[in-house]
Amino acid sequence: MLSAAAAERNKEPILAVLLENLNIGRPLQALEISSGTGQHVTHFAQALRNITWQPSEYDRQSLVSIEAYRAHYQLHNVRPVIHLDASLPHQYWGGIQLESLDLVLNINMIHISPFACTEGLFKGAAAVLKPQGLLITYGPYAVNGRIAPQSNVDFDYSLRQRNPEWGLRDISLLSSLAQKNGLFLEKMVDMPANNKCLLFRKESFV
């Protein structure tokens with residue numbers, strides 16, 4: 001059971017966003033893409049018993065940690081973790097069916113992965129979400145070409161030094177990418193430590 005300090009700090013503020021924006025009165029199906037250690041999904045599953053959670057990860061070490069958390073908490077609403085590469089089409093996402101999900105959740109992946117993963121995230125989420133379903137992303141972002149405060153500027157620089165394909169993405173770029181896939185940016189929520197939650201709603205074509 002790996003433990004990330006950032007996940008420990010942000011799990012409660014992110015849960016508050018989920019509670020405010022999801023229908024907790026009926027059964028829901030959720031996919032977390034890039035579940036990391038497993039701290040988030042087990043925390044959310046304990047608080048949101050009406051949601052059946054599908055954790056997923058690309059990193060093999062994290063897959064082991066997620067399963068360890070699942071075994072420790074014995075949660076009936078958390079499925080066994082699947083290996084998922086967000087850059088691949090949804091057909092390779094562990095058998096998840098078209099328009100079968102109410103929520104796709106993605107925490108702290110967009111800035112620490114190649115942009116192909118972000119493109120795949122939006123394209124895949126649009127395919128697997130039901131009409132009116134939500135894609136929620138969390139992390140630090142640039143806003144209209146500007147990164148603030150200085151700590152985020154420094155963070156962006158350090159990420160790009162580690163890997164030129166990484167770095168903070170601009171919200172306008174993500175919004176444009178979402179629209180191309182039939183999603184629209186419904187809400188932005190300011191979060192602690194200069195992060196944001198972005199809520200993208202899948203349009204229903206009636």
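Just to be sure before I move on: is Gly124 open to solvent by less than 40 Å² (accessible area, probe 1.4 Å) and assigned to a loop (DSSP other than H, G, I, E, B) in the structure I sent? Spelling it out, it is not the case that Gly124 is open to solvent by less than 40 Å² (accessible area, probe 1.4 Å) and assigned to a loop (DSSP other than H, G, I, E, B). Remark: pairs (first residue in the stretch 6-20, surrounded by 14 or more Cβ atoms within 10 Å (Cβ to Cβ); second residue among the aromatic types (Phe, Trp, Tyr); Cβ separation under 7 Å; 6+ apart in sequence or on different chains) = Ile14/Tyr138; Leu15/Phe44; Leu18/Phe44.
Close Cβ contacts (under 7 Å, 6 or more residues apart or on different chains) running from residues in the stretch 139-150 that are on the phi > 0 side of the Ramachandran plot and touching a residue at least 12 places away in the same chain (Cβ under 8 Å) to residues that are in a loop (DSSP other than H, G, I, E, B) and open to solvent by less than 60 Å² (accessible area, probe 1.4 Å) comprise Gly139/Asn108.
Condition check ((1) open to solvent by less than 50 Å² (accessible area, probe 1.4 Å); (2) under 17 Å from the mean Cα position of the chain (by Cα); (3) of a type in the set (Val, Ile, Thr)) across all residues:
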site: Ser65; (1), (2), (3): yes, no, no
site: Ala71; (1), (2), (3): no, no, no
site: Leu98; (1), (2), (3): no, no, no
site: Met109; (1), (2), (3): yes, yes, no
site: Ser113; (1), (2), (3): yes, yes, no
site: Ala116; (1), (2), (3): yes, yes, no
site: Gly139; (1), (2), (3): yes, yes, no
site: Asp156; (1), (2), (3): yes, no, no
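Condition check: closer than 23 Å to Leu101 by Cα, hydrophobic (A, V, I, L, M, F, W, C) and either at pLDDT below 95 or over 13 Å from the mean Cα position of the chain (by Cα) (or both). Does Ala16 satisfy that? Yes: the conditions hold for Ala16.
The residues in the stretch 160-198 that are surrounded by fewer than 17 Cβ atoms within 10 Å (Cβ to Cβ), hydrophobic (A, V, I, L, M, F, W, C) and assigned to a strand (DSSP E or B) can be counted, and the count is 2. The residues on offer are Gln29, Gln54, Gln46, Gln61, and the sole one that is assigned to a strand (DSSP E or B), touching a residue at least 24 places away in the same chain (Cβ under 8 Å) and open to solvent by 40 Å² or more (accessible area, probe 1.4 Å) is Gln29.
The values are calculated or read from the model by the stated rules, or taken from the named source; none is laboratory data. Values in this document were obtained by computation on a predicted structure and should not be read as measured data. With ideal geometry, Cβ positions are generated from the backbone for all residues, glycine too; neighbour counts draw on all protein chains shown. Accessible surface is based on the protein model in full, side chains and every heavy atom, while ligands, DNA and RNA are left aside. Shrake-Rupley method; radii C 1.70, N 1.55, O 1.52, S 1.80 Å.
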